[in-house]
Amino acid sequence: MKSKLLYLLICISLIACNTEESLTFETLTISNDACENCTSVSIEIPKALGQIKLSETINIALQEEIIALLNFDEESNAQTIEGASEAFVKDYEELNGKFPEESMPWEAKINGTIIFENMEVLTIKLESYMYTGGAHGYDTNRFLNFDKTKEVELDRLELFKNEDEFKAFTETIFRKQENVPTDATINSTGFMFETESFYLPENIGYTDKGLLLFYEPYEIASFADGPIILTIPYNDANNFLKISVKP
């Protein structure tokens, strides 16, 4: 009986180790040989390894996000990151051919980082800087969340048991952090929520410190105000999350 129990425990241990080690990453770096006054593209992201569905899901999600970031021409049909990078440079060259005196070289920098991972959830933060003309470039942040058990990417609606309840809870925290009176409209101190109603940001991600809510510049405030960031500790956020995290 003892030998059977020992064998069972060994099997369970091996399965757990295999599951834990099945998802590994290497760094994928893509850049062009940009000369002085030439358009440059620099990309560094984690690439999931192994012939498992989760690896494919992660790599496809990153690829789609990066292609969208580099897509200056809506008619571009790039299917890979490399193809999107080449199209980005080509789009600049075509514009520069038409307006050589007005076209400053473009720039694209994209960096992906794993900012949270446990046995159930993985979050990758995708930071980018894009310059395609004008007075200044712009920074963006994307948070990609993955359910490791189901091997799928999670959109914002899939994070919460009830998004409306979480939104109401978050508005209270937002008003306190940003000094918006509880008896005034959400835009009373200068914010720019559409229809004067509070809403969650497009980007929400798991972090070691709690659930992070990231409002991009222009999303609810002016560019000069920069991003608005809220971090909700898991002791509070777990009440609303489908996949809770041990604090």
Do the conditions hold for ILE228, that is, is it closer than 21 Å to ARG142 by Cβ and out of contact with any Lys or Arg (no Cβ under 9 Å at 6 or more places or on another chain)?
yes
Name the pairs whose Cβ atoms lie under 7 Å apart, with the first residue in the range 39-60 and hydroxyl-bearing (Ser, Thr, Tyr), the second assigned to a strand (DSSP E or B) and open to solvent by 60 Å² or more (accessible area, probe 1.4 Å), and 6 or more positions between them or separate chains?
SER42/SER31; SER42/LYS109; THR57/GLU153
Can you name the condition, by its number, that ILE60 falls short on among (1) out of contact with any Phe, Trp or Tyr (no Cβ under 7 Å at 6 or more places or on another chain); (2) within 19 Å of TRP106 (Cα to Cα); (3) open to solvent by 20 Å² or more (accessible area, probe 1.4 Å)?
(2)
Restricting attention to the range 70-84, the residues that are touching a strand residue (DSSP E or B) at 6+ places or on another chain (Cβ under 8 Å) and open to solvent by 30 Å² or more (accessible area, probe 1.4 Å) number exactly 1
Flagged in the range 86-124 as open to solvent by 60 Å² or more (accessible area, probe 1.4 Å) and acidic (Asp, Glu), in numbering order, are GLU86, GLU93, GLU94, GLU101, GLU102, GLU117, GLU120
Out of the range 201-247, which residues are among the acidic types (Asp, Glu), touching a residue at least 24 places away in the same chain (Cβ under 8 Å) and not in a helix (DSSP H, G or I)?
GLU202, ASP208, GLU216
Take the conditions touching a Lys or Arg at 6+ places or on another chain (Cβ under 6 Å), closer than 27 Å to LYS242 by Cα and at pLDDT 95 or above and apply them to GLU127. Does it pass?
no
Pairs needed: first member in the range 150-167, within 20 Å of LEU122 (Cα to Cα); second member anywhere, outside any strand (DSSP E or B) and polar (S, T, N, Q); C-beta distance under 7 Å; at least 6 residues apart or different chains.
GLU151/THR57; VAL152/THR57; GLU153/THR57
With GLU158, GLU171, GLU153, GLU165 as the choices, which residue is under 30 Å from ILE45 (Cβ atoms), assigned to a helix (DSSP H, G or I) and of a type in the set (D, E, K, R)?
GLU158
Quick one: which of GLU151, GLU171, GLU178 is at negative phi and either surrounded by fewer than 16 Cβ atoms within 10 Å (Cβ to Cβ) or modelled with pLDDT under 95 (or both)?
GLU178
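The values are calculated or read from the model by the stated rules, or taken from the named source; none is laboratory data. The structure displayed is predicted, hence computed values, not measured ones. Cβ sites come from the backbone with ideal geometry, for glycine too, and all protein chains shown count toward neighbours. These accessible areas exclude ligands, DNA and RNA; they are computed on the full protein's heavy atoms, side chains included. Shrake-Rupley method; radii C 1.70, N 1.55, O 1.52, S 1.80 Å.
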